[in-house]
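For reference, the structure discussed in these notes is given below.
No value in this document is a laboratory result; all are computed from the given coordinates. Because the structure is predicted, anything quoted here is derived from the model rather than measured. Virtual Cβ from ideal backbone geometry, glycine too; neighbours counted across all protein chains shown.
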Amino acid sequence: FEDMMRKKIVMPAHYMRELGIDMGKTFGHFTDAAQRIGVYTSNDYTDILDTLIDEWKIADRTGLTGPAEKARDYVMALPSRLRRVSDRMTVPKLEYKFKWIS
């Protein structure tokens with residue numbers, strides 16, 4: 001889990017494309033729109049992390065090796081770190097007209 005969270009997770013929709021638009025840019029517009037209208041926000045993401053940490057009882061793991069303990073500590077600190085980043089983010093204001101939506 002820690003290894004996955006340290007690496008960039010590529011969402012399948014990242015490969016969404018529009019004719020004439022570079023790969024990845026359409027996904028950027030899509031995530032901006034989702035954030036702007038509140039469908040899926042950075043708060044949702046951190047809430048999911050909190051749920052996984054709680055459900056998997058990450059905080060209760062004991063008897064770990066040194067590296068595993070560091071991994072646990074990293075994962076446990078991640079939601080609050082991401083919330084601080086989220087607090088500094090501004091909601092994108094640029095509206096984008098997707099070609100497939102009329």
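Structure above, values below:
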item	result
Enumeration of residues in the range 20-57 that are more than 17 Å from the chain's Cα centre (by Cα) and closer than 19 Å to residue 74 by Cα	54, 55, 56, 57
Which numbered condition residue 71 misses (of (1) in a loop (DSSP other than H, G, I, E, B); (2) among the hydrophobic types (A, V, I, L, M, F, W, C); (3) over 14 Å from the mean Cα position of the chain (by Cα))	(1)
Condition met for residue 99 (free of Cβ contacts under 8 Å to residues at least 60 places away in the same chain, of a type in the set (D, E, K, R) and either exposed (fewer than 10 other Cβ atoms within 10 Å of the Cβ) or in contact with a Leu (Cβ under 8 Å, 6 or more places away or on another chain) (or both))	no
Flag for residue 31 being among the polar types (S, T, N, Q), in a helix (DSSP H, G or I), surrounded by 13 or more Cβ atoms within 10 Å (Cβ to Cβ) and in contact (Cβ under 8 Å) with a residue 60 or more places away in the chain	no
